[in-house]
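Beneath this line is the structure, given in structure tokens, with notes to follow.
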Amino acid sequence: MKRVGGKRKQKWKTYTYAYRHTAVTQHGSVYWRTASREVLNHLPAEQPLHIALQTCFSISDSPIWMDSSTRAECHHLEKSIGGAQVLANITGSRAYERFTGNQIAKVYKQKPKEYSQCERISLVSSFAASLFIGDYAPIDYSDGSGMNLLDIHKKTWDETCLNACAPGLKEKLGSVVPSSSVLGNVSSYHVQRYGFSPHCSVVAFTGDNPASLAGMRLEEGDIAVSLGTSDTLFLWIKDPTPALEGHIFINPVHFEDYMALLCFKNGSLMREKIRDNCSSASWEEFSNILRSTPPGNNGHIGFFFDVMEITPQVVGIHRFNAKNQKVSEFPQDVEVRALIEGQFMAKRIYAERLGYKILPQTKILATGGASCNQDILQDLHCNLQHQLLQTL
Ligand SMILES: Nc1ncnc2c1ncn2[C@@H]1O[C@H](COP(=O)(O)OP(=O)(O)O)[C@@H](O)[C@H]1O
Ligand SMILES: O=C(CO)[C@@H](O)[C@H](O)COP(=O)(O)O
């Protein structure tokens, strides 16, 4: 809403903001082929985007956050900057395989021709914004913090990190802007083809986790848990202390502040696997089991990492009985409870290890696909032992 008119004659004029649907997966990268800007600037209203843009990408399979094949590039980046902690102090995170700088370094190494044919690299968020404004959209501070390239204090690209990843990267990345920046109006393509108002403003797009922090109106002291494909835990902080575990991003609401985030890769896909094995592929049955088994699981505990976990870096399924003996399987109902309790216990332990305090007044807010499941939420509540608000 924007107020127009003088003090006496106040009117409120409503603008449509293409703002609500800006939450996209973090860390993924899109490689625009040379001369694509021209195409983007003059999209023909009679063509769908996938036809109009079909020649615009120099890499056809864009890497996404689930890729963990860049260990060598991570080592190289940390070595170039003086170590993992130095990198974390500058960019908010030690080198992570899914972080975009390392993904770009791999593209440059394995596909140098395609890299040189690329004039612009977008994140998934700035890519989506580009489609709306009909031009290359800048990367926003918050999502840009998930690249191992941005100095989160100076809010500029770090030259040493850029040079360690690939040549000519600064030009290909363009500028970075605060996450709440208005980028411009929606392009004529959207006005003509989809009937958008030509006055519709486009705000910078950002990653799903920063957008959740903004959308959930998180206050200092609150903790948010996202139960999507990945599980994440994040909070609003003022004084960042980057560590070798977890991430610090620039805050999407107040860019002088920060957000701390922990990411767990074995989230919903792991729960789906146990649901399929132990509760006839039914969430209802899964919930029945959670309701009919006691908190604490009579001392049985399990850690389930189907794929290499991010926090902590381990893989495999590890079950322990009440006598703390490692066992190879559990009865199905014990397995379901062990999974959920193990996942939420890990969140609490890792959050506390990083110094995040869960106080009596702390609100725990849950979002993401699995937050529609009251029984999973109940367990989250038991494990974090505080007031729980479900927001989406
Ligand atoms: N009733 C439910 N109980 C538990 N998990 C659910 C339920 N419904 C959906 N989910 C999970 O939500 C996940 C999708 O979450 P979502 O936030 O949409 O994903 P993303 O983070 O990729 O956008 C699915 O993988 C599914 O396992
Ligand atoms: O890698 C991270 C956060 O650092 C993930 O949380 C991605 O942002 C993907 O999220 P979903 O697929 O779970 O939405």
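The values are calculated or read from the model by the stated rules, or taken from the named source; none is laboratory data. Since the model is a prediction, treat every value here as computed from it, not as a measurement. Every residue, glycine among them, receives a Cβ derived from its backbone with ideal geometry; neighbour counts consider all protein chains shown. For accessibility, only protein heavy atoms count, side chains too; no ligands or nucleic acids. Shrake-Rupley method; radii C 1.70, N 1.55, O 1.52, S 1.80 Å.
Counting only Cα atoms, I'd like the Rg/Rh figure for the stretch 239-308, Kirkwood definition for Rh. Display every interim value, and only then the final one.
Details: Rg = 17.8 Å, Rh = 15.4 Å.
We get a ratio of 1.16 for the stretch 239-308.
What's the center-to-center distance, using Cα atoms, between the stretch 165-227 and the stretch 54-79 in Å?
22
Taking the dipole about the Cα centre of the chain, with the C-beta of Lys and Arg at +1 and of Asp and Glu at -1, give me whichever of PHE320, HIS76, ILE289 is farthest to the positive side.
The residue sitting farthest along the positive end of the dipole is HIS76.
Antiparallel DSSP bridges in the stretch 268-390: what percent, to the nearest 5? Mind showing how you got there, number by number?
Numbers: 7 of 10 bridges.
Just about 70 percent of them are antiparallel.
With +1 on the Cβ of every Lys and Arg and -1 on the Cβ of every Asp and Glu, and nothing else charged, how large is the dipole of the stretch 268-390 about its Cα centre, in debye rounded to the nearest 20?
Details: 13 positive and 13 negative charges, 103 e Å.
So the dipole magnitude of the stretch 268-390 works out to roughly 500 debye.
For the stretch 165-235, what class follows from the C-alpha gyration tensor (a ≥ b ≥ c being the square roots of its eigenvalues): rounded when a/c is under 1.5, otherwise prolate if a/b is larger than b/c, else oblate?
Values: a/c = 2.25, a/b = 1.34, b/c = 1.69.
The shape class here is oblate.
Dipole of the chain (Lys/Arg Cβ +1, Asp/Glu Cβ -1, origin at the Cα centre): which of VAL253, TYR350, THR25 lies farthest to the positive side?
Farthest along the dipole direction, towards plus: VAL253.
Probe radius 1.4 Å, ligands and nucleic acids ignored: give me the carbon and sulfur share of the accessible area of the chain as a rounded percent. Mind dumping the intermediate values first?
Details: 9380 of 17960 Å².
Solvent-exposed carbon and sulfur of the chain make up 52 percent of the total.
Could you rank the peptides 313-326, 200-213, 25-38 by their average count of other C-beta atoms within 10 Å per residue, with the highest value first? Let's see the in-between values first.
Values: 313-326: 12.0, 200-213: 24.9, 25-38: 19.6.
Packing proxy ranking, top to bottom: 200-213, 25-38, 313-326.
Under DSSP H, which helices of the chain have Cα atoms covering 18 Å or more of the helix axis and a Kyte-Doolittle average no less than -1.0? If you can, show how the numbers build up before the last one.
Values: long enough: 332-353 (31 Å, -0.40).
Membrane-span-like by this rule: 332-353.
Do you know the relative contact order of the chain, to the nearest whole percent, from alpha carbon pairs under 8 angstrom that are 6+ apart? Show your work: numbers first, answer last.
Numbers: 804 pairs, mean separation 56.1, N = 392.
Value for the chain: 14 percent.
How do the peptides 89-101, 173-185 rank, highest first, by the average count of neighbouring beta carbon atoms within 10 Å per residue? Don't skip to the end; give the middle numbers.
Numbers: 89-101: 24.6, 173-185: 18.8.
Packing proxy ranking, top to bottom: 89-101, 173-185.
For the stretch 23-207, what is the charge dipole size about the Cα centre, in debye to the nearest 20, if Lys and Arg each add +1 at the Cβ and Asp and Glu each add -1 at the Cβ?
On the way: 16 positive and 16 negative charges, 51 e Å.
Magnitude of the dipole: close to 240 debye.
Only bridges whose two residues both fall in the chain count here: according to DSSP, what percent of them are antiparallel, nearest 5? List each step's numbers first, then the result.
Values: 36 of 48 bridges.
Close to 75 percent.
Taking 7 Å along the Cα-to-C-beta vector as the label spot, tell me the SER268-LEU354 distance in nanometres, rounded to one decimal.
2.1
Work out how much length LYS79 to HIS199 would gain on full extension: take 0.36 nm times their residue separation and subtract the Cα-Cα distance, in nm to one decimal. Please list the in-between numbers first.
On the way: separation 120, 0.36 × 120 = 43.20 nm, distance 4.84 nm.
Roughly 38.4 nm would be gained on extension.
Taking a 25 Å limit on the Cα-Cα distance, which of the listed pairs LYS172/LYS238; LYS79/LYS238; LYS79/LYS109; LYS79/LYS172 fall beyond it? Walk me through the numbers on the way to the answer.
Values: LYS172/LYS238 31 Å; LYS79/LYS238 29 Å; LYS79/LYS109 17 Å; LYS79/LYS172 23 Å.
Check vs 25 Å cut-off fails for LYS172/LYS238; LYS79/LYS238.
Would you mind calculating the relative contact order of the stretch 187-275 from Cα pairs under 8 angstrom and at least 6 residues apart, reporting the percent as a whole number? Mind dumping the intermediate values first?
Values: 120 pairs, mean separation 20.8, N = 89.
Rounded, it is 23 percent for the stretch 187-275.
How large is the charge dipole for the chain, taken about the Cα centre, if only the Cβ atoms of Lys, Arg (+1) and Asp, Glu (-1) carry charge, to the nearest 20 debye?
Working: 40 positive and 38 negative charges, 227 e Å.
Approximately 1100 debye in magnitude.
Thinking of the stretch 23-207 as a set of Cα atoms, what percent of all their pairs are more than 28 Å apart? If you can, show how the numbers build up before the last one.
Numbers: 3911 of 17020 pairs.
Summing the P(r) of the stretch 23-207 above 28 Å gives 23 percent of all pairs.
Enumerate the amide H contacts of LEU183 below 5 Å, restricted to partners 5 or more residues apart or on another chain; note that Pro and chain-start residues carry no placed amide H.
Long-range HN contacts for LEU183: VAL202, VAL203, ALA204.
At what distance in nm do the modelled label points of HIS254 and ALA72 sit from each other, each positioned 7 Å from its Cα along Cα→Cβ?
4.5
Name the residue from LEU365, CYS56, ILE133 whose Cα lies farthest towards the positive end of the charge dipole of the chain, charges +1 on Cβ of Lys and Arg and -1 on Cβ of Asp and Glu.
Value computed over the given set: ILE133.
Estimate the FRET efficiency between GLN192 and ARG37 by the formula 1/(1 + (r/R0)^6), using the beta-carbon distance for r and 22 Å for R0, to the nearest 0.05.
Working: r = 20 Å, r/R0 = 0.90.
Calculated value: 0.65.
May I have the pair-distance distribution P(r) for the stretch 268-390, computed from all Cα-Cα distances with 10 Å bins from 0 and rounded to whole percent?
Histogram of Cα-Cα distances, whole percents per bin: 12, 44, 37, 7.
Just subtract the alpha-carbon distance of GLU46 and HIS381 from 0.36 nm times their residue separation and send over the number in nm, one decimal. Spell out each step's value before the answer.
Values: separation 335, 0.36 × 335 = 120.60 nm, distance 5.12 nm.
My answer for the length gained is 115.5 nm.
Sort 302-308, 350-356 by packing, meaning the average of other beta carbons within 10 Å per residue, with the highest value first. Working shown, then result.
Working: 302-308: 17.4, 350-356: 15.3.
The most tightly packed comes first, giving 302-308, 350-356.
In nanometres, what is the gap between the two model label sites at ASP239 and ASN324, each 7 Å from Cα along Cα-to-Cβ?
Calculated label separation equals 3.7 nm.
Taking 0.36 nm per intervening residue step and subtracting the Cα-Cα distance, what contour gain separates SER62 from GLN313 on full extension?
Numbers: separation 251, 0.36 × 251 = 90.36 nm, distance 2.42 nm.
Using 0.36 nm per residue and subtracting the Cα-Cα distance, I get 87.9 nm.
Keeping every protein chain present and rolling a 1.4 Å probe, give me the accessible area per residue for the chain in Å².
Details: 17960 Å² over 392 residues.
I get 46 Å² per residue for this part.
Can you give the translational diffusion coefficient of the chain in µm²/s, computed by Stokes-Einstein from the Kirkwood radius over Cα pairs at 37 °C and 0.692 mPa s? Please report the intermediate quantities before stating the final value.
Values: Rh = 22.5 Å.
It diffuses with D of about 146 µm²/s by this estimate.
Bin all alpha-carbon pair distances of the stretch 331-371 at 5 Å intervals from 0 and give each bin's fraction as a whole percent.
5, 18, 18, 25, 19, 10, 4, 1
Counting Lys and Arg as +1 and Asp and Glu as -1, what is the net charge of the other residues whose Cβ lies under 14 Å from the Cβ of TYR350?
It works out to a net charge of +1.
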